[in-house]
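The values are calculated or read from the model by the stated rules, or taken from the named source; none is laboratory data. Bear in mind that the values here come from a model prediction, so they are computed numbers and not experimental data. So basically every Cβ, Gly included, is an ideal-geometry build from the backbone, and we count neighbours across all protein chains shown. Side chains are part of the model used for accessible areas, which takes the heavy atoms of the whole protein and leaves out ligands, DNA and RNA. Shrake-Rupley method; radii C 1.70, N 1.55, O 1.52, S 1.80 Å.
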Amino acid sequence: MNGNFDIKNTNTPTNKDINIVFSPSNNVTSYVYQIYKDNVLLKEVSINVKENTNITLTETGVYKIKVRLNLINGLTDEMTSGEYVIDKEAPKINISAHNIQSNPTKNKDLITCTANDNYSGSLNDKIESNIDTLSLNKAGTYTYKCMVKDEAGNTASQSATIEIVPYNTTIYIIQFICFIIAFLLIIRIFKIFKSLKLEERLEPYVIKPLKNESLATSEKLRKIYYTFLNLFTSKLKKSVIATKYAKKLEKYTVVSGIHQNGYDILSGKIIIACAFTVLAIIIKAFQFKLLGSIETLGIFVLGFFVLDIYLFAKYKVFRWTLENDFVAAITIMNNSFKSGRSITQAIEIVGSEVGGVIGSEFKRMNLELLYGLDIEQVFKRFAKRVELEEASYLTASLTILNKTGGDIIKVFSSIERSLFDKRKLRLELKSLTSGSRIIVYILLAIPFLFVLVISLINPGYFLPFIQTDIGRILLIFMIIYYIIFVVVVRKIMKVVI
């Protein structure tokens, strides 16, 4: 051997500095030593005389020393030390939740603690905690502590608060009421099925009465709903703000079915919001928890706008069908005029050939003509009911024809061509902007997808937005910003033809 390391290697990692002395032998004239840290050359030093060298390692890492020796006989030799491992970094500890609230429980897994070391990796099996000493079956505030020590002697610790609250009697009352209601519903459903089976068995032998005074279950539910609807409507009519809002909802009555005016729709929105809130309270009660004020408000707002989404989608379909049926009606009227029919006959043909709302409206127009109303008045009433721009255009054209005269076939051919051109232009515009609309929809959906993916990976990641005051404020600002973004994008993308 042409040299010697007083410390050849470290058997275990250490969190202290390592001082190594290299001693060359008598046949060495000079040498060069290289220090490698994590397999990367850190330092190179040349020693031109035969003397001992002190090498001090201070930073965290895995070291190795290589020495190139120049001998008296002109030859060279190489020596390599073992590994010197210095670990001065404390392990990293992660607690699943820092502040937790629970009812009395024997479950010791309310909080989990994990540890990871930069050198040894997972240290979960070396974690020490006081969880077994905590009396989680009694009300009180407890401090959970976990500590871990790595192989080099570095220690780390974390603590969390566990608040054990006694069971709330309100929760038991809600649960009891829910069980009673569920039990009564099950009995009611069982009786209905039993009566239906009995009715099927007796039906061949029973003479049905001319009038059945009993109400079906669906009719009873509808009657209860109408009772609440009338109750809310009578209160809302006294409010100026509710009146203004109800007028905006008036247009949806044509597709609502069970709501006769805007007040009924607004009342229905409130009833659905209350139903959502009650359902959320019941679900929370079965989890032995009470719904917070922020959660209650959020669920109420969500339920309040559910009916809007449904009616808006239904109204869009209704308007699209209405426009298509109106174009078909104009085509039939134009063909009727070409075959020598009068306006009255053309209206009658449309009423019998076209279905849906337009067919019903033309049948109504035919009855109004039979009752003595003039054509101009009939079409004005029709345009006011359907609220179509094309219907107003048709009414204006017929009014001019009645006053000035003209070729009705050419006028209706022009109207038909204009409507088809407008429809074609709308479809072309929709096709040209489809790419932009898809991008907008993706941008609108990305925040929700991001929240969903992150929540699946780390369920507690977004809890600070709900559990802390600053988090709730930030969440409100984010929601407001998102709503502004949606409104602005809709304004930019909207094109009126």
task = Output the residue which, of all residues in segment 148-159 that are in a strand (DSSP E or B) and open to solvent by less than 70 Å² (accessible area, probe 1.4 Å), is farthest from LYS92 (Cα to Cα).
result = SER159
ask   = If you check LYS223 against the conditions, is it in a helix (DSSP H, G or I) and modelled with pLDDT of 85 or more?
value = no
note = Being open to solvent by 60 Å² or more (accessible area, probe 1.4 Å) and either of a type in the set (Gly, Ala, Ser) or in contact with a strand residue (DSSP E or B) (Cβ under 6 Å, 6 or more places away or on another chain) (or both) narrows SER397, SER352 down to just SER352
request  = Report, ordered by the first and then the second residue, all pairs with beta carbons closer than 9 Å, sequence separation of six or more or different chains, a first member in segment 233-262 that is farther than 18 Å from LEU311 by Cβ, and a second member that is open to solvent by 60 Å² or more (accessible area, probe 1.4 Å) and assigned to a loop (DSSP other than H, G, I, E, B).
outcome  = THR243/LYS237
request  = Would you check if LEU367 is surrounded by fewer than 17 Cβ atoms within 10 Å (Cβ to Cβ) and outside any helix (DSSP H, G or I)?
outcome  = no
Pair list, Cβ < 8 Å and 6+ apart or interchain, from segment 446-465 residues that are closer than 19 Å to ILE476 by Cα and open to solvent by less than 100 Å² (accessible area, probe 1.4 Å) to residues that are at pLDDT 80 or above and aliphatic (A, V, I, L, M) = PHE462/VAL451; PHE462/ILE454; PHE465/LEU474; PHE465/LEU475
request  = Go through segment 52-71 and give me each residue that's part of a loop (DSSP other than H, G, I, E, B) and surrounded by 12 or more Cβ atoms within 10 Å (Cβ to Cβ).
outcome  = ASN52, THR60
ask   = Consider ASN402 against the criteria (1) assigned to a helix (DSSP H, G or I); (2) touching a residue at least 24 places away in the same chain (Cβ under 8 Å); (3) open to solvent by less than 40 Å² (accessible area, probe 1.4 Å): it satisfies all of them except one. Which criterion is unmet?
value = (3)
query = Regarding TYR31, is this residue under 58 Å from the mean Cα position of the chain (by Cα) and aromatic (Phe, Trp, Tyr)?
reply = no
query = Do you know which residues across segment 466-497 are among the hydrophobic types (A, V, I, L, M, F, W, C), open to solvent by less than 80 Å² (accessible area, probe 1.4 Å) and under 30 Å from SER434 (Cα atoms)?
reply = PHE485, VAL486, VAL487, VAL488, VAL489, MET493, ILE497
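Per-residue answers, yes or no, for (1) touching a Leu at 6+ places or on another chain (Cβ under 9 Å); (2) closer than 27 Å to SER339 by Cβ; (3) among the aliphatic types (A, V, I, L, M):
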{"site": "ALA396", "(1), (2), (3)": "no, yes, yes"}
{"site": "PHE420", "(1), (2), (3)": "no, yes, no"}
{"site": "SER431", "(1), (2), (3)": "no, no, no"}
{"site": "GLY471", "(1), (2), (3)": "yes, no, no"}
task = State which residue is farthest from the chain's Cα centre (by Cα) when the search covers only segment 34-51 and only residues that are open to solvent by less than 70 Å² (accessible area, probe 1.4 Å) and within 21 Å of ALA152 (Cα to Cα).
result = TYR36
query = How many of the residues in segment 258-306 are farther than 23 Å from ILE177 by Cα, outside any helix (DSSP H, G or I), out of contact with any Gly (no Cβ under 9 Å at 6 or more places or on another chain) and open to solvent by less than 60 Å² (accessible area, probe 1.4 Å)?
reply = 1
query = In segment 1-39, how many are free of Cβ contacts under 8 Å to residues at least 24 places away in the same chain and within 12 Å of MET79 (Cα to Cα)?
reply = 1
